[in-house]
């Protein structure tokens, strides 16, 4: 468990480096929500929120946390930006923020461990709140995916698989490990955590171009971020105030009127399935619910493991030992609902999609190497149908 930079992150930003302490992860298992976390981009604040009644947030001692040591936190203009976002999360955003806090409890110990292993600021534990609402299935308008909102090229650069059936950006453990490595590399490149987080949001090449154009000789610092902020995209200008506002609220939610996160956990046993298997079959073999198997395996995009290869999956803790026996009892021809379709004369992707009741876009995604206009008789097409099995 991490120490330092951890107690209550609250009360008034004027003495930004005066308090100290820590928070303890509280496990929780809420039901996943689809909005707004499927769109990881928070709305811009287009209007004034009126007179603010929140105390300005005070951050813990920066002994263990370079982010919280930044002099920018004491800038009155930055304080006002943070406070406006705190008011947003307590106002219009209050219908979503509790779900973010609940899901955070599933993964925060994993995030804390990854940050500690690399010597990164503990306060980065709050970054997935503003990135994804701590939802491993979150997808942004820019097609960034997962807790840490990786784009496909960046994810592949860190060795993650991104495909129509398996997308490891949604794997909370692989993505968290990659995020730690990526954040550390951005800090090393830009020499400032504020610039590094701006690069995480806007892309490192874009931030480098802004610096080269507007501050080519200036020493890299958090204050430089504040000076070039007007040249950044609007979302990036809002990103750091949003982050610090979410951190202040999430460190002690009850102080701002939120209920404590619902206790729960994200614990599991790992099992192996030898070939294409739908998650409803995995649930049956594990004597579990399909919804829980889907929650534990968010990287399985279409509810079916890839054909022609073994796949490691997670089942509820305590069910791993009996899984192999339960799986063996299921006949091989019942382990997969419809997986392949043989093309007949005159068929198109549209015909096949209609026949099986799937979306044309999903059928194409499941067959990325197939040219729809060049289908051949007898060609095998993967059809991503996963009806629920009766229990």
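Any read-out appearing in this document is the output of simple, stated calculations on the displayed coordinates, not a laboratory observation. None of the values given here were measured: they were computed from a predicted structure. Positions of Cβ are backbone-derived with ideal geometry, glycine not excepted, and every protein chain shown enters the neighbour counts.
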Exposure proxy ranking, count of Cβ atoms within 10 Å, fewest first, for 228, 293: 228, 293
Highest average packing first - 355-363, 116-124, Cβ atoms within 10 Å: 116-124, 355-363
Gain on full stretching of the segment that runs from residue 356 to residue 262 - 0.36 nm per residue minus C-alpha separation: 29.9 nm
Whether the range 196-289 is rounded, prolate or oblate, judged on the alpha carbon gyration tensor where a/c under 1.5 counts as rounded: oblate
Overall form of the range 340-382 per C-alpha gyration tensor (a/c, 1.5; a/b vs b/c): oblate
Cα-based shape type of the range 268-334, given that a ≥ b ≥ c are square roots of the gyration tensor eigenvalues and the cut on a/c is 1.5: rounded
Per-residue Cβ neighbour rank within 10 angstrom, fewest leading, 226, 106: 226, 106
Taking 271, 82 and counting other C-beta atoms within 10 Å, the order from fewest to most: 271, 82
Stokes-Einstein D in µm²/s, Kirkwood radius over Cα pairs - the range 230-274 at 10 °C with 1.306 mPa s viscosity: 111
